[in-house]
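Please read the structure below before turning to the comments.
Computed from the coordinates by the stated procedures, all read-outs in this text should not be read as laboratory data. These figures come from a predicted structure and were not determined experimentally. No Cβ is skipped: glycine too gets one built from the backbone with ideal geometry, and neighbour counts run over all protein chains shown.
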Amino acid sequence: MDSVDPHIGGIGHLLTSNSPEAQLPHGMMVVTPWFARDVTDVYLATRMYGFTVGASVIMPVSGKITAAPDRIFSEWDPDNDVVTPYSSRYLLEDFETVVEYAVSERGAHFRFHFPDGKPANIFLRPQETAQYKLSGSKTILGTEQKQGVNTYLCVEFSRSPVSQRKVTVPAGGAVLGDTDALVLDFGQGVGVVEVRAAISYISRSQGAQTLREQLAAKSFDETRSAGRAAWEKALEAIHVEGGSDEQRAIFYTALYRFFQYPKDVTEDGHYFGPYDRKIRDASGNDFYIEDNLWDTYRTRHPLSALIEPRRHQDMLRSYVRLFEESGWMPQFPFMAGDLPFMDGNNAASMFLDAYGKGQRDFDLELAYQGIRKDAMQATMLPYRRGALTDLDQFYQKHGYFPALRKGEKETEPRVDPDMRRQAVSVTLDSAYDDWCVAEVAKILGKADDTEYFGRRALNYRNLYNPATGFMSPKGANGEFIPDFDSKWSGGQAGRDYFTECNGWVYSFDVPHDIGGLIALMGGRDRFVGRLDQLFAEGYNGRLKFEFLAQFPDSTALIGQYPQGNEPAHHIAYLYNYAGAPWKTQKRVRQIMRNWYASRPLGLPGDDDNGAMSSWYVFSAMGFYPICPGRPIYTIGSPLFNKSLIQVSDGKIFTIVANRTSVVNKYIQSARLNGSDFNRTWFEHADVVNGGTLVLEMGPEPNKSWAAGLDAAPPSLSPQLNS
């Protein structure tokens, strides 16, 4: 517990950063410092405007308020603060005021220590818009609106304010537009003012009830202790031994980030339906929201299925409910509805993966209706929702998404002019998603769908150009786009052809059929050579900043491999398919050692709802879900001498890495449950049944361990000898 450092990732390599958020595991209430909206590196922000509480911001201000409302902020020094997953303490230097807070599931307990002899004020303002009113002498009820959704806020003070006044906060700084706010004056010499706050998406009365149930009878120390206990219980899901202090800090901070999403928004057996805005009965299950599937299906959902299977089943039920309520299977469900982020039918992967791992207490038939509808009736266009376009119908007929030549005018009006077609990525992502749909259809005995989507799962082959060895864009005329450069083509973020990465990365984006991809690339030896070149490839004599200016998501580069973006996350493990597992061991260690650290600039890219952190959790333990939907894990190189995973029914799966160290990264031999083990993968059943995987580690690669064809992980297409 004490290893967690929420400041890790507080500086972004290029794009966004993480905030030091106080929140219980999957909790609805999140409290974090509030900074100017154009400051992306929160650890480097010098001006603090307050602390989030629901969709509002609360700020203690000592002394007479002379600044305009949009200028109320304080300098702070992160070296003086104390942050944990469940509580924090800050010194507001300009106001000589100490702020402490601790959280419950849907509430927060603040303690403001004002300096002696100065007036004590509390400034309460919305992030977007809100109406506040005093109820009695010490309670404020607020109706906040953020992205069109009401959040009901109930705030109770430990003493009555002497006066209150409404002020208008003009747009700028931390505020989007003009908003009404409250200044509460508590007089001089008050010392400490405690504030208890609770939120609800259901009603004001529900918010008040939450405050009574979760906070009213507890002291600040009791709230903080309860939060610590909740996190200790969650983090006990995985116990690691050995490694350095830094490695344990990175690991448990990554696990903390994993537990933040998605959020449980169930309130006394009910939840706010984000699509029809109705209050619904949760039917005895918790309801979850805020989940960017394009990122999280790869690592965070498989980790959830592994260490919190009961909770994960409620997440699956939540998606089924959202399909029932909206008519579409969502991609990024949050309180204001479904954000049509990115591309793909990624719920298909989530459902198949969970079902294959024994999570079956949800309506698979109804889930299938949703993922099939998305595959057949929803547009594949990135950042779009709705019915099929001519481009989608072209895909269904020809098996690839058509691309435009450079400078060719767009013909489809529904293409987002900024996001473009991303034609290669759409084709590749859809091939994997369709494999998942086919596998679910097979489980349900739908033979025709199994055969149809099984054919579509091979559509990736339509974009492999044997002349260049890369997945390449193809025009509607059936010819590859001329003058395509796998490194630089595609415009900003590669969006003409790709999603945030380039052709080097996406040429390996066939997780369901690595055997088939190896055959396309000319066999195992050539495949290994292509992987080697990916990690060695430079920028054609140009400067790195030129590449990052075009591909800002491709941070944490090793050659053309970007650990800072999720489409690359499986690639280092692909050597396991081609007879060179020692190279996987070398690469995953290189990535962890160079791109994850226990400092603010310690996360390789945007965490994306815990996806970037979940990669580290898996990799540090020494295995990875190479193809969600296929219930296996492929082996890497463990950082810790021992990792113990609490699985269902009190069973424990243990990974022992004898003599592991910075130098001893290579597997010499392995035993699973006492028997010799000579392959690069094991099954999910091996984990949930409990057992022990023992790896003997050494300083030099054992190039014969698990190098044979029979040692490679399974694939849609069988592998052939080189």
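Give the peptides 296-309, 83-96 in descending order of average Cβ contacts within 10 Å, highest first.
Values: 296-309: 25.1, 83-96: 20.6.
Result, highest mean Cβ count within 10 Å first: 296-309, 83-96.
Ranked for footprinting exposure by Cβ neighbours inside 10 Å, fewest first, Val39, Val31, Val437 give Val39, Val31, Val437.
Could you work out how far the C-alpha centroid of the stretch 276-353 sits from that of the stretch 450-516, in angstrom? Result: 28 Å between the Cα centres. Taking Cα atoms, how many degrees apart are the long axis of helix 347-356 and the longest axis of the chain, rounded to 10 and kept between 0 and 90? Roughly 80 degrees between the two axes.
What is the stretch 312-405 by shape, rounded, prolate or oblate, if you read a ≥ b ≥ c off the alpha carbon gyration tensor as root eigenvalues and call it rounded for a/c under 1.5, prolate for a/b larger than b/c, and oblate otherwise? Spell out each step's value before the answer.
Numbers: a/c = 2.29, a/b = 1.72, b/c = 1.34.
Here the stretch 312-405 falls in the prolate category.
Beta bridges from DSSP with both residues in the chain: antiparallel share about 95 percent, rounded to the nearest 5. This ranking places Lys64, Lys218 by how few other beta-carbon atoms lie within 10 Å of each, fewest first, which gives Lys64, Lys218.
Where does the chain land on Rg(C-alpha)/(2.2 N^0.38 Å)?
Taking the Cα Rg and dividing by 2.2 N^0.38 Å, one obtains 0.98.
R0 = 30 Å: FRET efficiency of Asp448 with Ala387, Cβ-based, nearest 0.05? Don't skip to the end; give the middle numbers.
On the way: r = 23 Å, r/R0 = 0.76.
Taking R0 as 30 Å, the efficiency between Asp448 and Ala387 is 0.85.
Counting only residues at least eight positions apart within a chain, or on another chain, the lysines with an alpha carbon under 21 Å from that of Lys703 are Lys583, Lys586, Lys665. Within a straight-line Cα-Cα reach of under 12 Å, Lys263 can be paired with the following aspartates and glutamates, leaving aside sequence neighbours fewer than 8 residues apart in one chain: Glu105, Asp286, Glu290, Asp291, Asp314.
Ignoring lysines fewer than eight residues from Lys138 along the same chain, the ones with Cα atoms less than 26 angstrom from its Cα are Lys64, Lys118, Lys146, Lys166, Lys218.
Starting from 0.36 nm per residue, how many nanometres of slack lie between Glu241 and Gln533 once their C-alpha separation is accounted for? Each step should come with its number before you reach the end.
Values: separation 292, 0.36 × 292 = 105.12 nm, distance 3.53 nm.
Stretched out fully, the Glu241 to Gln533 stretch lengthens by 101.6 nm.
At 0.36 nm per residue, and after removing the present C-alpha to C-alpha distance, how many nm does the segment from Asn689 to Thr16 gain when stretched out fully?
Numbers: separation 673, 0.36 × 673 = 242.28 nm, distance 3.96 nm.
Roughly 238.3 nm would be gained on extension.
Once both labels are positioned 7 Å from their Cα atoms along Cα-to-Cβ, the gap between Glu213 and Ser137 label points is 3.0 nm. The Cα atoms of the stretch 330-470 give a gyration tensor whose axes a ≥ b ≥ c have a/c of 1.5 or more with a/b no greater than b/c, which makes the shape oblate. Arranged from fewest to most other beta-carbon atoms within 10 Å of their beta carbon, His26, His239 become His239, His26. Using a cutoff of 8 angstrom between alpha carbon atoms and counting only pairs six or more residues apart, the relative contact order for the chain works out to 12 percent. Note on Asp221 and Arg310: their simple-model spin labels are 3.2 nm apart, each label 7 Å out from Cα toward Cβ. Computed over the alpha-carbon atoms, the stretch 33-235 gives an Rg to Rh ratio of 0.93, Rh here being the Kirkwood radius from the mean inverse distance.
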